[in-house]
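Please read the structure below before turning to the comments.
The values are calculated or read from the model by the stated rules, or taken from the named source; none is laboratory data. Just so it is clear, the model here is predicted, and its values are computed rather than measured. When we count neighbours, we look across all protein chains shown, and the Cβ atoms used for this are built from the backbone with ideal geometry, even at glycine. For the accessible areas, the whole protein counts, side chains as well, though only heavy atoms, and no ligand, DNA or RNA atoms are used. Shrake-Rupley method; radii C 1.70, N 1.55, O 1.52, S 1.80 Å.
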Number of protein chains: 2
Amino acid sequence: MSEVNGFSIKQTSEQTGLSDDTIRYYEKIGLLPRAERKANGHRVYRSEDINSMNIILCLKKTGMSLDDMKPYLHLSYGDDLTEFPELYRMLQDHKKNIENQIVELQIIVDFINIKLNRKNVNDSKIH
Amino acid sequence: MSEVNGFSIKQTSEQTGLSDDTIRYYEKIGLLPRAERKANGHRVYRSEDINSMNIILCLKKTGMSLDDMKPYLHLSYGDDLTEFPELYRMLQDHKKNIENQIVELQIIVDFINIKLNRKNVNDSKIH
DNA sequence: ACTTGACTTGGAGTAAGCTCCAAGTTGTAC
DNA sequence: GTACAACTTGGAGCTTACTCCAAGTCAAGT
């Protein structure tokens, strides 16, 4: 169970909250690189892989599709983002989107608060 | 084009940003009530309907499924939310979820800022 | 030797949310 | 009266993101 030997798919699933089927699916669609296999064919994961999965989970929460994540995940460790101006711009745009999402969500929270206090629904516009 | 005669599906589509197919689909699945028809069978929409669609769009942004929206949209104007304790609780829960979403998104924005400044990706955990 | 459990594979199935299509009707413009 | 645009309907098809399945392999335990 120590990291020197890597983690099984089940351990990885437990650590990330992704199901083992989902992890295999991410490999199948090329979102995760083909995992190393042990002699018996079983997948082995290391902390970098788990790190990648956490990044996937984070980007997913912001509404990014699995397909759009691929370019980010395919960058390797030391890569300088400024060498990929399109990616850099996409990430900036994505940040803007998230900031807008936050503003909109805040508006919706205010709206719900009004509903919860006025105790009815369907009677006002948000915009 | 004035509201007295209501809006066509196309006008409604333009006002809400939902495609006409999507509006018909929402009617088909019972998310929107069956729209009034003109003598020729064409759908007519009024500002309450457009209001409902805006509410749908807002709830959608917070990740609520179309199915979960139904009970809220089926409440009528004057209905007192406290008469529907389950709905009231669901709405409170939903607000909590959105507030959590906001916190998480803020963390991701911070993370992206680090990436944009450090100019590389894939090298740190968020949690 | 045999069972059990954790895995492997390719591929099928599922759910949500649209999106598109064909065939038909209606109303206006020329 | 004929072309055209804007609708109608039911139903098929599509995309995303899983989720499940059958059949097989392999290692460890009894």
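Comparing B:Arg37, B:Arg46, B:Arg24 in a Gaussian network model of chain B where C-alpha atoms under 10 Å apart are linked, the largest mean-square fluctuation is found at B:Arg37. Chain B residue nearest by beta-carbon to the axis mapping B to A, with distance in Å: B:Ile102, 3.
Peptides A:101-107, A:50-56 ranked from most to least packed by the mean count of surrounding Cβ atoms within 10 Å: A:50-56, A:101-107. Highest GNM mean-square fluctuation among A:Leu32, A:Leu57, A:Leu81, for chain A modelled with Cα contacts below 10 Å: A:Leu81.
Just the number, please: carbon plus sulfur as a percent of the accessible area of the protein assembly as shown, 1.4 Å probe, no ligands or DNA/RNA counted.
Summing carbon and sulfur atoms, their accessible area is 49 percent of the total for the protein assembly as shown.
Each copy carries B:Glu14; placing its label point 7 Å along the C-beta direction from Cα gives inter-copy distances of 6.0 nm, listed from smallest up.
Distances between equivalent label points of A:His42 across the copies, with each point positioned 7 Å along Cα→Cβ, amount to 6.7 nm, shortest listed first. What angle, in degrees between 0 and 90 and rounded to the nearest 10, separates the Cα long axis of helix B:85-118 from the longest principal axis of the Cα atoms of chain B? It is inclined by approximately 40 degrees.
Around the amide H of A:Phe7, modelled in the peptide plane, lie the amide H atoms of A:Tyr45, A:Arg46, all under 5 Å away and 5 or more residues distant in sequence or on another chain. Excluding ligands, DNA and RNA and using a 1.4 Å probe, chains B and A jointly bury around 4200 Å² of accessible surface, summed across both partners.
At 1.567 mPa s and 4 °C, plugging the Kirkwood radius over alpha-carbon pairs of the stretch B:3-74 into Stokes-Einstein gives what diffusion coefficient in µm²/s?
Estimated diffusion coefficient is 105 µm²/s.
Counting from the shortest, the label point at A:Lys61, 7 Å from Cα toward Cβ, is 2.0 nm from the same position in each remaining copy. Would chain B count as rounded, prolate or oblate if I go by the C-alpha gyration tensor, calling it rounded below 1.5 in a/c and otherwise prolate when a/b exceeds b/c, oblate otherwise? Oblate is the answer for chain B, as a/c is 1.5 or above yet b/c matches or exceeds a/b. Between B:Glu36 and B:Ile107, what is the FRET efficiency for a Förster distance of 51 Å, r being their Cβ-Cβ separation, to the nearest 0.05? Between B:Glu36 and B:Ile107 the formula returns 0.65.
For the segment A:92-99, counting C-beta atoms of other chains within 10 Å of every residue's C-beta and taking the mean gives 3. Roughly how many whole Å is it from the C-alpha centroid of the stretch B:35-108 to that of the stretch A:1-71? Rounded to whole Å, the Cα centres lie 35 Å apart.
Eigenvalues of the alpha-carbon gyration tensor of the protein assembly as shown, scaled by 5 and square-rooted, set the equivalent ellipsoid semi-axes at 43, 21, 19 angstrom, largest first. The value of relative contact order for chain A, using C-alpha pairs under 8 Å at least six residues apart, is 18 percent.
For the residues B:Asp80, B:Asp110, B:Asp49, a GNM of chain B with alpha-carbon springs under 10 Å puts the largest fluctuation on B:Asp110. With Cβ to Cβ distances under 13 Å as the rule, what net charge do the other residues near A:His94 carry (K, R +1; D, E -1)? Here the count lands on +2. Rolling a 1.4 angstrom probe over the protein heavy atoms with all chains in place gives the protein assembly as shown an accessible area of 57 Å² per residue.
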